[in-house]
Structure formats: C-alpha cells, structure tokens
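The structure appears right after this line, and notes come after that.
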Ligand code: GLU
C-alpha cells in the first residue's frame with residue numbers, strides 16, 4: 001500500500017506557520033511512500049469561516065514549494081475536497097451509526113444542557129453530557145422527529161474499557177472510555193462536527209497516516225472509537241509537538257506574526273523558512289543544519305521527531321535567511337528583490353553594482369531599502385561639530401583631485417589624515433555620515449565610487 005497523507009486546514013483567516021510545519025512532514029511521508037499528499041479544506045465551522053482564506057492557504061503552499069496531488073483546486077478521485085460540499089456524505093454515515101446503535105439522537109435543549117453543566121460543576125465533576133437521550137425509546141424518537149424538535153446526533157461512547165492510540169512519536173497512549181464525552185457528530189444545523197467529518201473523510205480518501213499537531217491528541221480516542229464503530233481500519237496517528245515561543249507560551253497571533261505569507265512580505269526566503277521549520281522538533285540523521293527542502297523530503301522520518309516543543313527562534317530564522325541570501329547569485333538576488341523590495345525611486349540599472357555591497361549585509365530582503373536609500377535619495381545632513389567640518393573640507397579637497405578608484409581614494413585620504421596628525425576613526429565616521437547619512441553603511445569607498453565624484457562632492461558641501 002502506498003502512503004497517503006493530508007493536511008486539513010480550516011479556513012479561519014491566515015495560513016499559519018504551524019500548517020506549513022505540519023504540511024512539509026506529511027509531504028515527506030507521502031513522497032517517501034510513493035503515494036499522495038492531499039489538501040482538504042475543513043470548513044464546517046461556519047462561524048469561524050473567513051472568505052478568501054482558502055486562496056491564502058494555496059498561495060502559501062505554493063510559495064514554500066509544496067506540491068499536493070489532490071485537493072479542491074486540483075480535484076482527484078475522492079472529490080470534492082471541501083467539507084461543506086460533502087454534507088450529504090456525513091449525514092449518510094451518521095444515520096448508519098444511529099441504525100447500528102453507535103450513535104443516537106439527542107433532543108436536549110440548551111437550557112437543559114446548561115443546567116446539567118452547572119450541577120456537575122457544583123459537584124466538582126467534569127462537565128459532560130449526562131446521557132439523557134441515550135435511552136430514548138424508538139417511539140419517543142419518532143414523536144420528537146415528527147414534531148420537528150431540533151436535535152443533534154451523538155456518539156454512544158462505550159462506558160468502560162480503554163481506547164489506545166499507538167503513536168509512533170509518543171508510543172502507546174491510553175484513554176479511559178469512561179472519561180470520554182458522548183461527542184456531538186451532527187450539529188442541530190445539520191453540519192457535521194470536525195470529529196465525524198475528519199474520520200469519514202480520512203477513511204474515504206484512503207489516508208494511511210494522520211500526522212497532525214499535538215493539540216489533537218485528546219480527540220484521537222474519539223476518532224478511534226468512530227473507526228471501530230464503522231468497522232474501519234484506522235490510519236496511523238502521529239502527533240507532532242506544537243511550536244512555541246521562546247518563553248514556552250503557545251505561538252499566537254498576538255505574540256508573533258505567525259502568518260506564512262507575512263514572512264514572505266517581511267523579506268524571508270522560502271528556502272530559509274523551510275530549513276528553519278525542518279529542524280523544529282526534528283534533527284537530521286547526519287546532524288546537518290543546512291539542507292534543502294528536497295533533501296528534507298527525502299530524509300525526514302517520524303522516529304527522529306522529539307516530544308518536546310520546538311521553539312520559534314527569530315534569531316535562528318534570521319541566521320538562515322542571511323545564509324540563503326548570500327548563497328544566491330547577484331542575478332538571483334536581484335530577481336528576488338524585484339518581488340516588491342526595490343523602492344520605486346531606486347534606478348534599476350544601479351542594482352548590479354549594489355549587489356556585492358549589500359549581499360552580505362541583508363538579513364531580510366526588506367533591509368535593502370534602508371541599506372541603499374542614500375544611493376538614490378539625498379540624506380538629510382546632520383549638524384556637524386566644528387572639528388568635523390574641518391575633516392569634511394579636507395576630504396572634499398582630496399576627493400576633488402584624487403584618482404576615482406578604490407586605491408586612489410583610500411591612499412590619498414589616509415595620507416592626508418596622517419599628515420594632519422588626526423585619527424582615522426573620527427575622520428571616516430564624519431565622512432560616512434555626510435555621504436550616506438548613516439553611522440553604519442555598506443563599504444564607504446565602494447559606495448562613493450558608485451555615487452560618482454559629483455554627488456560625493458555635493459554632499460560634502
Ligand atoms: N481542521 C483541523 C485543523 O484545522 C485538522 C486537524 C487534523 O489534522 O485532523 O487543524
């Protein structure tokens with residue numbers, strides 16, 4: 001049997017970095033198992049649905065270089081791949097469970113459920129459904145249905161026994177059935193809950209490995225019970241550790257910018273983000289720190305996944321980004337920068353000369369503007385002290401006469417600093433500030449050569 005994996009994002013807004021982290025692992029398993037990687041859209045929670053969010057997920061996957069084999073955009077043998085288009089399928093399977101007594105109609109009102117909850121809380125019990133409708137007679141059920149009472153369908157969870165999840169990352173995880181609530185499978189609006197839809201779809205779509213975030217581990221016994229109720233063979237369930245902030249808190253929208261595409265817009269390269277995410281909660285067999293997505297897809301394995309939470313360490317991501325920027329040829333770097341990082345007032349023909357100066361200094365593509373603006377914008381000149389003004393007038397004199405080459409400029413400037421008995425430090429600092437408007441800039445002589453003698457002398461006035 002070939003390996004079939006999937007991601008099943010819910011379109012509730014941004015495409016989250018966690019989705020990419022999960023996706024690349026699922027993609028690796030599918031490719032290694034000569035199988036397919038699917039994208040399924042889980043949009044049955046209508047309250048959280050955000051228009052346009054599906055397109056964002058596809059954009060993000062494409063930018064990262066992940067290719068899927070089946071999905072709402074591509075179709076495939078198990079279409080449709082969007083849950084809101086599969087409602088009749090869930091209805092059919094829910095009814096089958098009811099007929100086989102693995103699920104039941106529940107007509108309890110919100111008010112009743114709230115009362116039960118309150119009294120359980122008072123008695124210091126875990127709030128859960130009390131099974132009231134589990135014992136309704138067939139004729140009660142028929143009467144209620146005929147009078148159009150709103151209902152949900154609940155899973156009849158066995159009252160005893162244990163459900164065991166054999167997780168390749170976590171080992172054997174056992175759950176007491178007595179601790180599992182009679183989960184709602186079909187809501188009163190006729191939509192399935194996540195639990196029913198995910199099981200039905202993973203089965204029908206022939207998913208062999210469900211590799212997802214640890215936050216779903218507590219749902220897995222419900223899913224295993226559903227597989228058993230249907231008489232279906234469950235897939236392998238593996239739960240990856242969830243990415244955390246440096247302070248170990250859960251990575252949230254508030255704390256970091258967790259959107260995949262905002263990383264793109266902030267000037268991160270997909271190569272860098274992939275390498276960074278590859279090493280989250282997993283290590284390369286040979287201890288490598290730098291490797292491509294292609295290599296990751298070939299060598300990833302579940303047995304090297306850690307149980308401890310990986311950390312979103314921005315310094316590390318910045319390190320990778322700088323590394324991958326420096327690995328680009330000048331032409332490639334120009335191309336990447338041209339995807340929105342070159343200010344409108346920067347002359348395009350200047351770019352080839354700027355690349356050698358900025359390549360080693362860019363952490364993100366977005367740094368390009370602040371590093372290079374003085375080439376195409378006149379810096380506002382700061383107040384110079386009397387001493388600095390003397391430096392600048394001497395520099396101006398030297399620079400108006402010397403050879404306009406690196407050698408010519410540097411020898412003459414250093415000579416005259418020496419002749420005056422000054423120190424290089426303060427002299428060149430003033431010169432840099434006057435020409436670039438910055439205390440830190442790309443190499444000064446090279447920058448002056450690109451600017452040209454006229455502009456340099458103008459700035460020294
Ligand atoms: N729809 C769930 C999510 O948004 C999918 C969880 C799973 O992979 O089963 O993450």
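Please treat every number below as a calculation from the coordinates, not as lab data. Everything quoted here is computed from the prediction, not taken from an experiment. Here Cβ is always computed from backbone atoms with ideal geometry, including for glycine, and neighbour counts include all displayed protein chains.
Could you state the angle between the C-alpha long axis of helix 424-436 and the longest principal axis of the C-alpha atoms of the chain, as a value from 0 to 90 degrees rounded to the nearest 10?
Helix 424-436 and the main axis of the chain meet at about 70 degrees.
Under the definition of Cα pairs under 8 Å and six or more residues apart, what whole-number percent is the relative contact order of the chain?
13
Between residue 289 and residue 387, what FRET efficiency comes out of the Förster formula 1/(1 + (r/R0)^6) with R0 = 56 Å and r the beta carbon distance, rounded to 0.05?
The computed FRET efficiency comes out at 0.70.
May I ask you to derive the FRET efficiency for residue 338 and residue 59 from their Cβ-Cβ distance with R0 = 22 Å, giving the value to the nearest 0.05?
Result of the calculation: an efficiency of 0.75.
Step by step: find N for segment 307-461, compute 2.2 N^0.38 Å, then divide the Cα radius of gyration by it. What's the final number?
1.22
Quote the FRET efficiency, to the nearest 0.05, computed for residue 301 versus residue 166 with a Förster distance R0 of 25 Å and r equal to the Cβ-Cβ distance.
0.90
With a bin width of 20 angstrom, please list the P(r) values of the chain as percents of all Cα-Cα pairs, from the 0 bin to the one holding the largest distance.
20, 39, 23, 13, 5, 0
Quick one: give the max-minus-min coordinate of the C-alpha atoms of segment 312-385 along each principal axis, largest first, in Å.
Result, largest extent first: 42, 31, 20 Å.
Quick check: pseudo-label points 7 Å beyond the Cα along Cα→Cβ at residue 177 and residue 249, how many nm apart are they?
It is 4.2 nm.
State whether segment 27-95 is rounded, prolate or oblate according to the following rule on the C-alpha gyration tensor (a ≥ b ≥ c being the square roots of its eigenvalues): a/c under 1.5 gives rounded; otherwise a/b larger than b/c gives prolate, and the remaining case gives oblate.
Taking the square roots of the gyration eigenvalues as a ≥ b ≥ c, segment 27-95 is oblate.
Which of the peptides 371-380, 218-227 is most tightly packed, and how do the rest follow, going by the mean number of other Cβ atoms within 10 Å of each residue?
Per-residue Cβ counts within 10 Å, averaged per peptide and sorted highest first, yield 218-227, 371-380.
For segment 8-123, taking Cα atoms only, what is the radius of gyration to one decimal and the Dmax to the nearest whole Å?
Computed over the Cα atoms of segment 8-123, radius of gyration and Dmax are 19.0, 55 Å.
Contact order normalised by length for segment 127-213, with contacts defined as Cα pairs under 8 Å and 6 or more residues apart; what percent is it?
Details: 73 pairs, mean separation 22.1, N = 87.
In percent, rounded to a whole number, it is 25.
Return the tail of the calculated pair distribution for segment 81-221, meaning the percent of Cα-Cα pairs more than 19 Å apart. Mind dumping the intermediate values first?
Details: 5870 of 9870 pairs.
When every Cα pair of segment 81-221 is considered, 59 percent fall beyond 19 Å.
Residues of segment 5-22 with amide nitrogen under 18 Å from the 7 Å Cα-to-Cβ point of residue 47?
Only 10-13 fall inside the zone, counting backbone N under 18 Å.
Let me make sure I get this right: for segment 143-201, a, b and c are the square roots of the gyration tensor eigenvalues over alpha carbons, sorted descending. Under 1.5 in a/c it's rounded, otherwise prolate if a/b > b/c, else oblate. Which is it?
It comes out oblate by the Cα gyration axes.
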